[in-house]
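These notes are about the structure you will find just below.
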Amino acid sequence: MDPGSPQADCLSSTSSNSEDSPTRAAQIEMPFSRPQLDTSKVTLPTIPRSPKEVSGDGKMSSPASEFSNQRSNADGKVSGSSDKRSNEDDKASENSDQNSNADAKSRRSSTSEYEQESFETYQHKVAQLCHDIGYGEPSKIERMKGGGYNRIIGLTLPSGQQRGYVLRIPRSALEEVLMGEIKDQVAVTLHLSKYEFLHVPVIAAFDTTVNNALECQYVLQERIDGVALDHVFYTLPLAEKLQITTAVAEMLVQLESITLEKPGRLVGTGDLPDRSDVAPTSANEIKITGYRENPIEDLPSMEKQSLASLITYLLELRKQKNLDWDEMVERCERLQSIVKDMDAAGLIRSTDDECVLWHWDLSAGNVMIHRANITASEQHTVLGIERKQAVQVGPGEGSGVTASPVSNDSPGKWVVSGVLDWDDAISVPLVIARTPPSWLWLDEDTRGPSWDGDRDAKPERDLTEDVLLIKAHFDQIMAKASPSYIEDAYHRGPLLRSLAEFALYNFEDGVYWDKYDDFVKKWEEYDEALAK
């Protein structure tokens, strides 16, 4: 970063150990002599004002705005879930023949809710498209439960062999200003395909125009083998849960190794054609632009900088765009003040300027797993439990555990077969990306109606011994790969991630506005404990 740039006035902080609770937080050594951030030096580009989009559904916004919250629920995974999961992505299933077709009530409601053509007639257009692009007559066309943005169709196509595909189609044809969204989706997926451990879906064909049998844009991709983790994980025996936990942890360790040059949103470079009827033959390059503000506007592109500078800058952008909104200005300035306090308290580190690839919705529904046959010599060894006061398992969740090996007699090894829903992949500082995958030790469908989707939030109930073991097993793998993981995930991380939410997301709209008071209260309690 250029020292003379508008965001270069934030200094790196010294490291100190911190805890998540106020009483433990008081042990932090406070470098009171640190210079304070000076937001008056931040020079801002002019940003056009846009009408505020107020969310009425009470759901958590995505990092790329309410618009991408709709986009995100549409990777075409065959649904076997209950009504309470109706807002999640559709998950591909090993039992797809039984689970892929929604019931009659769901069909009626989906068609009426989105005012779209019924599946019974629409499937003929899908069949025609398959012929037009050279894939022949589908042997099977499945109605799959889609998300708020995409209609999803499952296909079995000849194409050399009977193979499963997923057709993703916007609920309504995109206006010209948004047609680049399809290219960005394709470009990011193609780019990430070079990381074999991610097993992203293979793009088979796409069209950014409406000049086709569907009269709409679409992306055709191969279906990933396996089942969504949340369809089977919570019913498996402990040994198999631990095995899957190992696979997820190893995948996350590799994911953290994908570093990027600066913060922002991953998009295509614009060199893809408007349409392709065949699978692209090479990975595509991407670029990093500003974080998304709304469907047609990105924030200004930024350079690599300290985390304190990044959050302060993004909050300043929001403040400048809302100068006629006194309450918004006041809140932005209060949050900027908290950035300075956190930096002075040592919660922000000099290493926090390093950015990594972040899947902001890495959920149990977006991780696909399957059981691979293995020989006796390859039988996986998982970790069993031995209760000792040794390893901290997380804030407020009881004493720690250590582990001892026990054998796993399951017939096959569970592996991660794919990660879905990369449409809005972004680049963030590592501590922001280290939200623990609490869905490994807490079925999110059991978290209660008051849970707002924050995976940093404490569980509403005590964790069982088996659940504590799963969590400790995961934490040990991550801590072995990176000694800073535990602190980033459970100690300083939750506060920093809560603060970053207001800067990264549409703070002025939706649930983040409502979260403000709770966050400020939590920080004030923490800060008071530091002063004791």
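Values quoted throughout were computed directly from the atomic coordinates according to the rules given, and no laboratory measurement underlies them. Everything quoted here is computed from the prediction, not taken from an experiment. Here the Cβ is made from the backbone with ideal geometry for all residues, glycine too, and neighbour counts use every protein chain on show.
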Taking the Cα centre of each part, how many Å lie between the range 491-532 and the range 141-211?
36
Inter-site label distance for A531 and H131 at 7 Å from Cα along Cβ, in nm:
7.6
Long-range amide H contacts for R151: which residues qualify at under 5 Å (H placed 1.01 Å from N, peptide plane, sequence gap of 5 or more or a different chain)?
I169, R171
For T246, T208, T281, T464, order by how many other beta-carbon atoms lie within 10 Å, fewest first
T281, T464, T246, T208
Extend 7 Å from the Cα of A213 along its Cα-to-C-beta direction; within the range 149-191, residues with backbone N under 16 Å of that point are 153-159, 165-169
Among Y313, Y149, which comes first, then next, by fewest other beta-carbon atoms within 10 Å?
Y149, Y313
Taking neighbour counts of Cβ atoms within 10 Å as a proxy for exposure, in what order, fewest first, do W523, W441 appear?
W523, W441
About the Cα centre, charge dipole magnitude for the range 227-324 (Lys/Arg +1, Asp/Glu -1 at Cβ), debye:
280
Long pairs among K458/K480; K319/K471; K140/K413; K319/K521; K413/K515; K140/K194, criterion Cα-Cα beyond 32 Å:
K319/K471; K413/K515
